[in-house]
Amino acid sequence: MHRYAIHRRIDTMLMLCNPFEINGFKFELWENDNWTGKGGWVVRKEVEAPTALDAFREFYEQLSPVVDRIAIAGQCYTSIHQQTMAIIRDNDDRFFGRYSKNIDSARLSFGEEQVRSLRSLVEISPPGSAFPYLHEAINTTSFYSQLAMLCSSLEGLAGEVEENKTNHDYIKDEILQEPKLHERLFKHGAGVRNQALHGKYIDDELHSDEDYNEEIYKKIVNYLNRKYGAGIDEMAVRVPRTRLGEVEFSSGFFRWVSRENKFSLRLFHSALESRQPSPYFEEIHCQDSINYDQLLDSDG
């Protein structure tokens, strides 16, 4: 067993008045001035585990429910997804770091092809209110809200076989054209849509290997093109595209060389953001196949 210190940035609009600790997690401001809502927080915790990966899994699984409750208590946007982080083994100056930064999304063009698609779409009247939900699915950035809106879009496109009874055969055979996918979405009690919308934990063992949102979205676009000749571009990449959610990543192994300063996730992030050499740490060049524990067990 080893002890790992894990540091992670929290993106939030909440201004933290004073540092605090709960369930072993220590929360503090990312930087001194947080009134703009751009600074965020830093959370850190020490975890005992056999490997760095085990330590991170434990850290993340225990932190996620706390962050859910921070957002509820503070009534503001709060997220730990795709944020800068570092994993440091006890009594070692080497660490694994991942830098991430939200960047502006590249725009997609709206030309003659898209105008033709629009003219087709304005003539379409699905059985239910599919398009408002599909609009929300395109605008939202979180997995759960997008999943809910996409599933509502499917039901709106299919309509009902009788009052308050969705035409699931139509969803399965005409829209998704994939019975197994329909079962994984809508199966009573076990489907990911039912688990998410009935307040249950999504079964990781059953669903973790599926990128449902991307798959459902592609199926809907394909259906609109097949059924109505909508002419929506199915070759477009990274769609649906939003103002948020585009992230620049870099990661690797580093050595903290500053003797005057203890490890700071903010200093690490700022140095990589500036793309300038840092007096605080240096990069360790190693093969991508070497994981953190192998690195720390090596001589280099």
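A few notes on this one:
- Only one of the numbered conditions (1) closer than 22 Å to Val42 by Cβ; (2) touching a helix residue (DSSP H, G or I) at 6+ places or on another chain (Cβ under 9 Å) is violated by Phe249, and that is (2).
- Members of the stretch 89-113 that are touching a residue at least 60 places away in the same chain (Cβ under 8 Å) and not in a loop (DSSP other than H, G, I, E, B): Arg89, Arg94, Phe95, Phe96, Gly97, Arg98, Tyr99, Ser100, Lys101, Asn102, Glu113
- The residue pairs whose first member lies in the stretch 117-129 and is free of Cβ contacts under 8 Å to residues at least 60 places away in the same chain and part of a loop (DSSP other than H, G, I, E, B), whose second member is of a type in the set (A, V, I, L, M, F, W, C) and surrounded by 11 or more Cβ atoms within 10 Å (Cβ to Cβ), and whose beta carbons are closer than 6 Å, counting only pairs six or more residues apart or on different chains, are Pro126/Leu157.
- One residue stands out among those in the stretch 201-220 that are assigned to a loop (DSSP other than H, G, I, E, B) and of a type outside the set (Ser, Thr, Tyr): the one that is modelled with the highest pLDDT, which is Asp211.
- Subset of the stretch 47-87 [among the charged types (D, E, K, R), at pLDDT below 95 and either closer than 25 Å to Gly199 by Cβ or touching a Ser or Thr at 6+ places or on another chain (Cβ under 9 Å) (or both)]: Arg57, Glu61, Asp68, Arg69
- Taking (1) among the aromatic types (Phe, Trp, Tyr); (2) surrounded by 14 or more Cβ atoms within 10 Å (Cβ to Cβ); (3) within 19 Å of the chain's Cα centre (by Cα) in turn, Tyr77 satisfies each apart from (2).
- Residues in the stretch 39-88 that are part of a strand (DSSP E or B), under 23 Å from Lys262 (Cα atoms) and of a type outside the set (A, V, I, L, M, F, W, C): Arg44, Lys45, Glu46, Glu48.
- Checking each residue in the stretch 168-203 for being among the aliphatic types (A, V, I, L, M), surrounded by fewer than 17 Cβ atoms within 10 Å (Cβ to Cβ) and touching a Lys or Arg at 6+ places or on another chain (Cβ under 9 Å) picks out only Ala190.
- Screening the stretch 215-269 for residues that are within 30 Å of Arg94 (Cβ to Cβ) and more than 27 Å from the chain's Cα centre (by Cα) and picking the one that is surrounded by the most Cβ atoms within 10 Å (Cβ to Cβ) gives Trp256.
- Residue count, the stretch 244-268 (criterion: outside any strand (DSSP E or B) and in contact with a Phe, Trp or Tyr (Cβ under 7 Å, 6 or more places away or on another chain)): 7
- For the stretch 147-187, a tally of residues being assigned to a helix (DSSP H, G or I) and in contact (Cβ under 8 Å) with a residue 40 or more places away in the chain returns 10.
- Failed item, numbered, when Trp35 is tested on (1) modelled with pLDDT under 90; (2) hydrophobic (A, V, I, L, M, F, W, C); (3) in contact with a strand residue (DSSP E or B) (Cβ under 9 Å, 6 or more places away or on another chain): (3)
- Of all the residues in the stretch 88-110, those that are of a type in the set (Val, Ile, Thr) and at pLDDT below 85 number 1.
- Single residue of the stretch 94-116 satisfying the filter (in contact with a helix residue (DSSP H, G or I) (Cβ under 9 Å, 6 or more places away or on another chain) and surrounded by 11 or more Cβ atoms within 10 Å (Cβ to Cβ)) that is nearest to Pro240 (Cα to Cα): Leu108
- The stretch 2-28, subset in a strand (DSSP E or B) and in contact with an Asp or Glu (Cβ under 9 Å, 6 or more places away or on another chain), residue farthest from Val43 (Cα to Cα): His2
The values are calculated or read from the model by the stated rules, or taken from the named source; none is laboratory data. All of these numbers come straight from a predicted model, not from anything done at the bench. Counting neighbours? That spans all protein chains shown, and the Cβs are built from the backbone with ideal geometry, glycine included.
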